[in-house]
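The values are calculated or read from the model by the stated rules, or taken from the named source; none is laboratory data. Note that the structure is predicted; figures quoted are calculated from it, not measured. Here the Cβ is made from the backbone with ideal geometry for all residues, glycine too, and neighbour counts use every protein chain on show. Side chains are part of the model used for accessible areas, which takes the heavy atoms of the whole protein and leaves out ligands, DNA and RNA. Shrake-Rupley method; radii C 1.70, N 1.55, O 1.52, S 1.80 Å.
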Amino acid sequence: MVGRKSKWGMTVRYTLTTLILLVMIYPFIYLVLNSFAAWDQVDRKLIPTEFTTRSWSWLFGNATVSAPAPWIQAFINTIIVATIATGLMLFFAIMVGYALAKVKFKGKIFVNNVILFQMFFPAIILLIPQFLMITNVGLLDTYAGMIIPTMMSMWAIFMYTNFFKAIPDTLIEAAKLDGASDLKILFRVVLPMSKSISTVIFLFLFTDRWTNLLWDLIVTKSDATVTLNVLISQMFGPYATYPGPMYAASVVLTLPLIILFLFFSKKFQEGMQFTLK
C-alpha cells in the first residue's frame with residue numbers, strides 16, 4: 001500500500017509539474033507557431049494547422065509596406081549595444097564592488113550609502129537630464145549615446161560587494177604577502193571564485209539591456225542605430241496589419257536570451273543558490 005501511495009504521489013507531482021511547465025512555456029510556443037502560421041490563421045487558433053515561411057521571408061527581404069524595415073541591421077545594433085554596455089557594467093561593478101568590500105579608503109560608507117540610495121531612486125526621473133546631456137555633447141542617434149548612460153549598474157555593484165565580502169580576508173592577506181597588487185588579487189584570486197555569481201549578474205544585465213526599449217526609443221532616430229525592440233514597437237503602426245512578421249520579429253528578439261540561459265544554466269543555478277542564502 002505504501003509503495004502504491006508513493007507511486008501515485010510521484011505521478012501527481014510529475015503531472016502537475018508538467019502542466020505548470022507547459023503553461024509557463026506556452027507563450028513562447030505560441031510565438032513560434034504563429035511566426036510560421038499561414039497569415040489567415042495568425043491569432044485565430046491556439047495551434048495553427050497550416051504553416052509557411054512567408055512571415056520570415058517578408059521580415060528579411062520582402063516587406064513592401066512603406067519601406068523594408070532594417071531587421072538585420074537592427075539585430076546587429078542590438079548585439080553591439082547590449083554586449084558593450086553589459087561588458088562595461090560588469091567591469092565597473094567588479095572594480096567598485098571589490099573596492100567597497102576589500103579596500104580601505106575614506107568615504108567608503110558614504111559611497112556605499114549613495115549606491116544603496118541609487119538602487120531605490122526611480123530611474124525614469126533621470127531620462128530628461130540624460131537626454132539633454134547626450135544631445136548637448138552630440139551623441140544623439142549614436143551607439144555611444146545608447147551605451148554611456150547605461151554602463152553603470154548599482155544593482156550589480158551591490159551584488160558584487162556582498163559576494164566579495166564573503167570571501168575570507170585571509171586569502172587576500174596571503175596574496176598581499178606574496179607581493180600581489182589589488183588588481184592582481186582581484187583578477188587572479190577573487191574573480192575565479194566568482195564565476196557563478198558573475199553568470200547570474202551577466203544574464204540579468206544582458207537581458208535588461210537587450211530588451212531595453214524606453215532609452216533606445218528616445219535616442220535612436222535613424223535605421224543606422226535602431227535596435228530590435230524599437231523596431232518591433234514601431235511595427236504596431238504601419239505594420240500592425242501583418243501580425244505574422246511581428247511574431248517572427250519577437251522570436252528573433254527572444255531566442256538569443258533563451259540560448260544564453262540554456263548555455264549558462266548550470267552556473268546560473270549555482271549563482272542563484274548563493275543569492276538566495
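Note on Thr49 and Ser181: the extension gain reaches 41.1 nm, defined as 0.36 nm multiplied by sequence separation minus the Cα-Cα distance. The Rg/Rh ratio of segment 71-241, with Rg taken over Cα atoms and Rh as the Kirkwood radius over Cα pairs, comes to 1.06. Of the residues Ile115, Ile20, the one with the largest accessible area comes first in the ranking Ile20, Ile115, computed with a 1.4 Å probe on protein heavy atoms. At full extension, Leu116 and Ile80 could sit 10.0 nm farther apart than now, given 0.36 nm per residue minus the alpha carbon distance.
Taking the longest Cα principal axis of the chain as reference, the axis of helix 2-36 is set at about 70 degrees. In this calculation the C-beta distance from Ala224 to Ile128 is compared with R0 = 25 Å, giving a FRET efficiency of 0.55. The relative contact order of segment 7-60, computed from alpha carbon pairs under 8 Å that lie at least 6 residues apart in sequence, is 26 percent.
With the whole protein complex present, Ser57 retains an accessible surface near 50 Å², based on a 1.4 Å probe. For the chain, the longest principal axis of the Cα atoms and the long axis of helix 71-102 meet at an angle of about 20 degrees.
Sorting 25-34, 247-256 by average packing, meaning the other beta carbons within 10 Å per residue, from highest down gives 247-256, 25-34.
Counting heavy atoms of the protein chains alone, Lys184 has an accessible area of about 100 Å² for a 1.4 Å probe. Solvent-accessible surface (1.4 Å probe) assigned to Val96 amounts to roughly 40 Å². Counting only protein chain heavy atoms and rolling a 1.4 Å probe, the accessible areas of Met152, Met95, Met159 rank, largest first, as Met152, Met95, Met159. Ordered by solvent-accessible area of protein heavy atoms (1.4 Å probe), largest first, the residues Thr86, Thr17 come out as Thr17, Thr86. Length gained on full extension, Thr18 to Leu262, computed as 0.36 nm times the residue gap minus the Cα-Cα distance: 86.0 nm.
Secondary-structure-derived ellipticity at 222 nm for the chain, considering helices only, amounts to -21000 deg cm²/dmol, per-run term -39500 (n - 2.57) for DSSP H runs with n ≥ 4. Computed from backbone phi with θ = phi - 60° and the Karplus coefficients 6.51, -1.76 and 1.60, the 3J(HN,Hα) list for segment 121-135 is 8, x, 5, 5, 5, 8, 4, 5, x, 5, 5, 5, 5, 4, 5 Hz; x is used for glycine and proline. Near the amide H of Ala37, within less than 5 Å, lie the amide hydrogens of Thr52, all on another chain or at least 5 residues away, with H placed in the peptide plane. For trypsin sites (Lys or Arg not before Pro), the sites in segment 62-147 that DSSP calls loop and that have at most 10 other Cβ atoms within 10 Å are Lys104, Lys106.
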